[in-house]
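Accompanying notes for the structure given below.
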Amino acid sequence: MRRLLALVPLALLAGCSGMQSMSEGAGFGSHLFNQLMLLFLVVTGISYAAVLLFLTMAVVGRRNEGGEPRLQALLIAWTGFILIGLILLTGASFLSDRREAREGSDRTPLKVTVNANQWWWGIEYQNDDPSQSLRTANELHLPVGRPVELKLNAGDVIHSLWIPALAGKQDLIPGRENDLRVVPTRIGHYRGQCAEYCGLQHAHMAFDVTVESPQAFAAWYKAQSQPAPEPADPGIKAGHDFFMSHACAMCHAIGGTPANGTTGPDLTHVASRKTIAAGTLPMTRGALMGWIANPQGVKPGARMPAVGMTPDELHAVASYLETLK
Amino acid sequence: MSMRQTFAGDLAVLPTHAFGTRSLTWWGVIAYMLIEGGGFALAAGAYFFLMSQETVWPPSSHPPDLLPGVLFTLIILLSEIPNTLLKKAAESEQRRRVLLLIVLLDLFGLALLVIRGFEFAHINVRWSDNAYGSIVWALLLLHTIHILTDWAESVVLTALMFTRHGTEPRRFVDVSEDALYWRFVWITWLPIFALLYLAPRFV
Amino acid sequence: MTATEHPADVPRDGPELDGPELDRILSETWGDKPGLIGWLTTVDHKRVGKRYIFTAIGFLLLGGILALIMRLQLARPDSGLITADRYNQIFTMHGSTMMFLFAVPVMEAFGVYLVPLMVGTRAISFPRLNAFSYWLYLCGGIMLWVAFLRDVGPDIGWFAYTPLSGPEFSPGKRADFWAQLITFTEVAALAVAVEIVATILKQRAPGMRLDRIPLFVWGMLVTAFMVIFSMPAVTLASSFLLSDRLVGTQFYNATEGGSALLWQHLFWFFGHPEVYIIFLPGLGFVSAIVETFCKRPVFAYPIMVAALVTTGLLAFGLWVHHMFATGLPRLGYAFYTAASMSIALPSGVQIFCWIATMWDSRPRMEVPMWWVVGFIITFVIGGLTGVMVASVPLDLELHDTYFIVAHFHYTLIGGAVFPLLGAITYWFPKITGRMMGDRLGKVAFGFVFAGFHLTFMPMHFTGLLGMPRRVYTYPAGMGWSALNLTSTIGAFVMALGVVLFLANLVRSLGNGAIAGDNPWGAASLEWATTSPPRPYNFAHIPAVTSHTPLWEESLPVFSGLRVEHRELVLTTVVEALPDVRDPSPTPSIWPLLAALATTGLFIWSIFSPWALVWGAIPVGIALTLWFWPKSSPDTHQEPVIE
């Protein structure tokens, strides 16, 4: 009977899956969260049931007169129950915290630096050999089972990096560098989102997270380290030339081209991403064109200005960007 | 009233003014001391917090010049002598002594405000230079508002004491509480003095 | 000091001066001038308390409308109903209005109205300060809302984290209006807190020892001390912010040695006690209601008092639990987890004691008791989710999600608003002389209760599914859409309940059954006088011999206070022995004028630092004229405050 009852909150939690759901348990932290949450639900659930029962009986039930000494004894018992419950939960919480800190300490971590700005995520995979570092934006690929140490920096205001399916969050605060250690444990696609109100477009500051096998990750990393391909046909070249000769190249970087801006996201492999504009739109031709033509319409207040272009120029630039896989 | 009432005693024999904890306004004054003292404590906390963020303190300037600060401290401590005498005189309701001492204290206050001006002139940093500058200006400014408002209140009370309103016994309670508050003004100054003038030199 | 020489020289209340004749003279002495002048100059705590309550309810409605607008926007994914900018202003205004303009003021308002009556005195301590604080509160609220309606409302969240709220990322004056609202409301709240402390410590009825003080009064005493110790933190924080924005100080600027975390520490040092400031008077309401409708004192009175005091103390040790994600040392966090968990203990004990009181008697389920039941059912859920987020590993997932939104609405609405609505129903007869409608009262309760749970229970799941807070829209396909729609529907059900409650209130003002002095058969002193009370509260100062004075055989009273001038009695702090007769200030226009001058100073200082110098002059003049005694004829042998 007790085991059945314990399944109820588990069932509730299981009904709550999704790529941004805490109950996914796809990372060690999120897995511990689910376990700890279950314990808390059981203990608090029992307490709540006791309160409701006592209340109902007090309002509608029969009562014995002169029950004062019994009530005093019951008060002591109730106080003891609360005290023991709180100590249990505090202890479990502390142990869970320590357990998460220990996880993966036997493996070499992947090191990633995150630079958050209004309203996008700059990502840099660190390597002992600087020529092997990788810069990207608004997405994370992670090898399953390997801990990743994220170094968190903010360029303007406070943001918070949060991938609920994998682990808890940590703030990015201007003037200090914070750390977050995540151990992904299940392959899949997840979504992270900024979790600290950071201004006008806080609602549109998300990023894609792909957890994959170490081989797939290595392949992705290798592909991402390549510079952008040379434009093959004239249409695409027209887009490339437009990009390099207009404001675009001042803010964005594309590896292997003159574009070297760091104010905005790195676009070297933008077409390989699932979404653009920090998780706001899918990476499709139509969305790309809509975003470039009218950033303020999609994400009012975004730092990207509308660069005046004719429909032909728009098509060309979009075609070029689509080659950046 | 709907309940039966029975007369249990008479209040007419009670006095109409009393000093210390028996005075209602005393509690108001203490409450404001708690509020302002709490504010100072938090500002001091902010000072330590900001200091912990730096390796050098002050980060880019000299500490405030010692002379005006030490002068201010000595004079305000000295002022406690007439202040205590004033409080005693008020509590024994000696009008002439009260008038003399309260004027003397107003003059002390004026002198202190002038010295405070020199303290600001020799603080050696602008409030906008860095967080150190901001917090030292804030601490000094907070205490200045403190001493300025108390001094202004004392001046008004002094004027009141010289009118015929000043013959009312309740006014002596006001003077006693004013003297009490003056103690608070210099007691709160001492830790602020330490933070502004001594901490940067010894830390 | 000696006793006055000729006690018989001036008319005093007593066996010889009683009944309608006494009422006539005392009403003359303690009454206000008629019409607008009387309304503007009154220092009667009951009139000031009523206008505080009325204004706070007004802000509740405004904040509630903002909530409905937000819920309409969030009912569907990717909704374009409200722009991002407008939404960000709306959620900032919703939080700021509810916290600063509704919740704290309404609780203080009930304290202002009830405490002098409950302790058996004629007036609040410092009545002119009381009047001043109301005008200042009103002016601050008007300033904020005018700014919002002119599209310069703050958009930084009610908590205004730096550097977002600083000069670089919030240009213009929006954030300044927010920061100065803090100054207005905190000065007003501090003034009331000082008055409450002084009234409770010094003006209690003879015989009202510390162990005979009503639990609501204990709650207000602890609350007032919490206000005194916490509000300076937020005033300091907001002043630092204003100065960063106006004159270039660097308190919160990391590049010049400042710190964004300094803001968070200062704000939350206030912010956490703030929610207990809102919550504790609610607990006082519950105690008063339970005592009356169970016709017995609340079970374990000393434990209840200890629980209130413990809650007030612990509230100051928790603030870092709002900062678990900021990267502070983990070992430090463990302390705050333990402290945050431990505050569940006094609350849990109080819940037991109320239910035990009901258990040991036959509770009459009048409308106020329904609100108490609603409170227990709802608040305990909020308290238990609070235990969850006290845990660091849990909080690092749950922080800044809709789970937290659910948590604090369960505690604030369940723990403060439900008791408040019960309190309004309970004390409406005393304040107005009429009873609120019974049937409509129960219907309104049902709609509010059901609507509340329909709105906020789904938010626990929305949060678990990953929806962050403070987002003006969200994408489809996340599993959030149906839950959000449910919350929106619930919000309108709840709004309907509130409308019904108010309709009941308004209708009862004209048509409610006449109440009489003590329609509920309650035990505390406010029910010993007429409904509504006369301007002077009590014809003779009552004394008490127990903590349920109206359930005794008779009510002892003291005679001897002057009747032609305002006078009340001060008693000793612990034993409440009669000690001093104190004159009470008469009505005056100066509190209003001083508040207007202060308003000018505060608003001007948003635009120029010199306001602090030049704006202080009219304030100083107003304050001087406020305290300056008027020419009193020499025929008085005893002091007056004109």
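Rule-based calculations on the coordinates, nothing more; no lab input. All values derive from a computational prediction rather than experimental measurement. Here the Cβ positions follow ideal geometry from the backbone for every residue, glycine too, while neighbour counts run over all protein chains shown.
Summary table
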{"quantity": "Cα-derived Rg over Rh, computed across the range C:367-495 with Rh taken as Kirkwood radius", "calculated": "1.06"}
{"quantity": "20 Å reach of a label modelled at C:LYS33, 7 Å along Cα-to-Cβ, counting backbone N of the range C:561-603", "calculated": "C:565-566, C:584-597"}
{"quantity": "Percent RCO, i.e. relative contact order, over chain C, from Cα pairs under 8 Å lying at least 6 residues apart", "calculated": "21"}
{"quantity": "Karplus 3J(HN,Hα) series, Hz, for the range A:185-201 with 6.51 cos²θ - 1.76 cosθ + 1.60 (x for Gly, Pro)", "calculated": "10, 9, 5, x, 10, 9, 10, x, 8, 4, 10, 9, 3, 10, x, 3, 10"}
{"quantity": "DSSP-defined beta bridges in the range A:110-225 - what % are antiparallel, rounded to 5", "calculated": "65"}
{"quantity": "Computed magnitude of the charge dipole of chain C (debye, nearest 20; Cβ of K, R +1, Cβ of D, E -1)", "calculated": "1340"}
{"quantity": "Net charge dipole size for the range A:27-102 [Lys, Arg +1 and Asp, Glu -1 on Cβ; Debye, nearest 20]", "calculated": "100"}
{"quantity": "Euclidean distance between Cα centres, the range B:6-79 to the range A:216-278, Å", "calculated": "63"}
{"quantity": "For C:SER133, C:SER347, B:SER60, order by how many other beta-carbon atoms lie within 10 Å, fewest first", "calculated": "B:SER60, C:SER347, C:SER133"}
{"quantity": "Helical mean residue ellipticity (222 nm; -39500 (n - 2.57) per DSSP H run of 4+; nearest 500) of the protein assembly as shown", "calculated": "-19000 deg cm²/dmol"}
{"quantity": "Size of charge dipole - the protein assembly as shown - debye, nearest 20, with Cβ of Lys, Arg +1 and Asp, Glu -1, no other charges", "calculated": "1880"}
{"quantity": "Share antiparallel - DSSP beta bridges, the protein assembly as shown, percent rounded to 5", "calculated": "70"}
{"quantity": "Residue order, fewest to most beta carbons within 10 Å, for C:MET304, C:MET435", "calculated": "C:MET435, C:MET304"}
{"quantity": "Between helix B:131-162 and chain B: long-axis angle, C-alpha atoms, 0 to 90°, nearest 10", "calculated": "30"}
{"quantity": "Lysines whose Cα lies under 22 Å from that of C:LYS50, excluding same-chain neighbours fewer than 8 positions away", "calculated": "C:LYS33, C:LYS430"}
{"quantity": "Chain A: projected area of the alpha-carbon convex hull, averaged over directions, in nm²", "calculated": "22.5"}
{"quantity": "Cα long-axis angle, helix A:234-245 against chain A (0 to 90 degrees, to the nearest 10)", "calculated": "80"}
{"quantity": "Leading residue at positive end of dipole, the protein assembly as shown (Cβ point charges), from C:LEU570, C:ALA597, C:LEU117", "calculated": "C:LEU117"}
{"quantity": "Hz values of 3J(HN,Hα) by residue in the range A:95-101 - Karplus curve (6.51, -1.76, 1.60), Gly and Pro given as x", "calculated": "5, 4, 4, 5, 4, 5, 5"}
{"quantity": "Spread of Cα-to-Cα distances over 5 Å intervals beginning at zero, given as percent, for the range A:27-102", "calculated": "3, 13, 17, 19, 13, 11, 8, 6, 5, 3, 2, 0"}
{"quantity": "DSSP H segments from chain C that extend 24 Å or more along their own axis, Cα-based, with Kyte-Doolittle mean of -1.0 or above", "calculated": "C:45-74, C:127-149, C:174-202, C:215-247, C:260-293, C:367-389, C:438-464, C:481-511, C:590-607"}
{"quantity": "Length-normalised contact order of chain A in % [C-alpha pairs under 8 Å, at least 6 apart]", "calculated": "15"}
{"quantity": "When the range C:185-303 is reduced to its Cα atoms, the Kirkwood hydrodynamic radius in Å", "calculated": "16.6"}
{"quantity": "Quotient of Cα Rg and 2.2 N^0.38 Å for chain B, N being how many residues it contains", "calculated": "1.29"}
{"quantity": "Residues whose placed amide H lies under 5 Å from that of A:GLY27, excluding near-sequence neighbours", "calculated": "A:THR185"}
{"quantity": "Förster radius 60 Å - calculated FRET efficiency between A:ASP241 and C:ILE142, Cβ distance, rounded to 0.05", "calculated": "0.55"}
{"quantity": "Under the Debye formula (equal points on every Cα, no solvent term), log10 I(q)/I(0) of the range A:110-225 at q = 0.22 Å⁻¹", "calculated": "-1.29"}
{"quantity": "Residue exposure sequence - C:TRP218, C:TRP145 - by fewest surrounding Cβ within 10 Å", "calculated": "C:TRP145, C:TRP218"}
{"quantity": "For C:THR425, net neighbour charge (Lys/Arg +1, Asp/Glu -1) across residues whose Cβ lies under 14 Å away", "calculated": "+4"}
{"quantity": "Angle in degrees between helix A:311-322 and the longest Cα principal axis of chain A, rounded to the nearest 10", "calculated": "60"}
{"quantity": "A:LEU172 long-range amide H proximity, modeled H, under 5 Å", "calculated": "A:HIS159, A:SER160, A:LEU161"}
{"quantity": "Relative contact order (%) - the range A:234-322, alpha-carbon pairs under 8 angstrom, separation at least six", "calculated": "34"}
{"quantity": "Loop-located GluC sites (Glu not before Pro) in the range A:172-263 whose Cβ has at most 13 other Cβ within 10 Å (DSSP)", "calculated": "A:GLU177"}
{"quantity": "Among C:LEU384, C:TYR426, C:ILE182 - extreme Cα towards positive end, dipole of chain C, charges at beta-carbon", "calculated": "C:LEU384"}
{"quantity": "Hydrodynamic radius (Kirkwood) for the protein assembly as shown, which is based on Cα pairs only, to one decimal in Å", "calculated": "32.4"}
{"quantity": "R0 of 30 Å, Cβ-Cβ distance C:ARG439-C:LEU72: FRET efficiency to nearest 0.05", "calculated": "0.45"}
{"quantity": "Dipole of the range A:27-102, positive end: most advanced residue of A:ASN34, A:VAL60, A:ILE82 [Cβ charges, Cα centre]", "calculated": "A:ASN34"}
{"quantity": "Where labels lie 7 Å past Cα in the beta-carbon direction, separation of C:LEU328 and A:VAL307 in nm", "calculated": "4.5"}
{"quantity": "Hull shadow area, averaged, chain C [alpha-carbon convex hull, nm²]", "calculated": "29.3"}
{"quantity": "Spin-label pair B:ARG201/C:TRP610, simplified geometry with 7 Å Cα→Cβ offset, distance in nm", "calculated": "3.7"}
{"quantity": "Listed residues A:ASN127, A:ASN138, A:ASN178, most fluctuating in chain A (Gaussian network, C-alpha, under 10 Å)", "calculated": "A:ASN127"}
